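Participant: Handing you a structure now.
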Amino acid sequence: MIAEESKAPDVPAAKPTSPRRMAQGKHPAQQQFEKPAAPAPARKPLLRPVLQSARRRILSYRPNAKTVLATSLVLLLLLQPVLVLGTLLIVAIGLMITFLILGAETFWRRFLSVFNLYARWFPASARSLRIRSELAARKWDRLLERLPGRLEDCLRAPDLRAMARADKRHAEAVADRLSRLHDEGAV
């Protein structure tokens, strides 16, 4: 027995055949000595040009300041909603307290004086702001027309144009009276 074992040539142990290799009909030992199949012809990549084009467009994109600001505000609202809503709430409460302390007339007169100061510094911007506010006021009035009368009166915004005209007439009357008093005192 020992002599027979020593005479046997060293043959590698056969690997268990997989079902896939069995389906091909070839024994693993036969596949070892065969030439590998020729590579398939190279296909033209379809996805690569699309990805390169998209990458080029993304890298060449340069947003303007308005887009950066809008995106930043949206991200701030999404990531820190308590900060944004808290700030808006504090500003709204501050405006309401100011309105209640000063009264409606004084509040809107001060608002108009701040707007007139802004109009002196930036006339073109103030003109466009005035136009946009007029359009918003018209839309607000159209919305209020659908509500009942009492509620409509409570929510109606003050007529700032009439206030400005009244202030102008008052300033002219005061200036006229002061000039008459000055003329009477000089005589």
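Participant: How much of the calculated P(r) for the range 68-134 lies past 21 Å, in percent of all Cα pairs? Walk me through the numbers before you get to the answer.
Facilitator: Working: 1164 of 2211 pairs.
That tail contains 53 percent of the Cα-Cα pairs.
Participant: Through the Karplus equation 6.51 cos²θ - 1.76 cosθ + 1.60, θ set to phi - 60°, convert the phi angles of the range 76-83 into ³J(HN,Hα) values in whole Hz; use x for Gly and Pro.
Facilitator: 5, 5, 6, 8, 10, x, 5, 4
Participant: Would you mind counting up the charge near residue 165? Only other residues with Cβ under 12 Å from its Cβ, with Lys and Arg at +1 and Asp and Glu at -1. Don't jump to the answer; show the numbers that get you there.
Facilitator: Values: positive: 161, 168, 169; negative: 159, 167, 172.
Overall, the nearby charge balance is 0.
Participant: Now, a different point. Mind checking the per residue accessible area of the range 83-187 for me, 1.4 Å probe, whole number of Å²? Intermediate results must be reported in sequence, preceding the final value.
Facilitator: Numbers: 8950 Å² over 105 residues.
With the other protein chains kept in place, the range 83-187 gives 85 Å² per residue.
Participant: May I ask for the net charge around residue 175, where only other residues with Cβ less than 13 Å from the Cβ of residue 175 are counted and Lys, Arg are +1 while Asp, Glu are -1?
Facilitator: After counting each charged neighbour, the total is 0.
Participant: Under the Kirkwood approximation applied to all pairs of distinct alpha-carbon atoms, what is the hydrodynamic radius of the range 39-187 in Å? It would help to have the intermediate numbers written out before the result.
Facilitator: Details: mean 1/r = 0.0454 Å⁻¹.
Evaluated over the range 39-187, this radius sits at 22.0 Å.
Participant: Still on this structure: With the Cα gyration tensor of the range 54-94 in hand, give its eigenvalues times 5 under a square root as the equivalent ellipsoid semi-axes, listed largest first in whole angstrom.
Facilitator: Values: eigenvalues 204, 24, 3 Å².
Ellipsoid half-lengths, sorted descending, are 32, 11, 4 Å.
The values are calculated or read from the model by the stated rules, or taken from the named source; none is laboratory data. The model shown is predicted, which means the values in this text are computed figures rather than measured ones. Because the Cβ atoms are built from the backbone with ideal geometry, glycine has one as well, and the counts that use them run over all protein chains shown. Note: areas computed on protein heavy atoms with side chains; ligands, DNA, RNA excluded. Shrake-Rupley method; radii C 1.70, N 1.55, O 1.52, S 1.80 Å.
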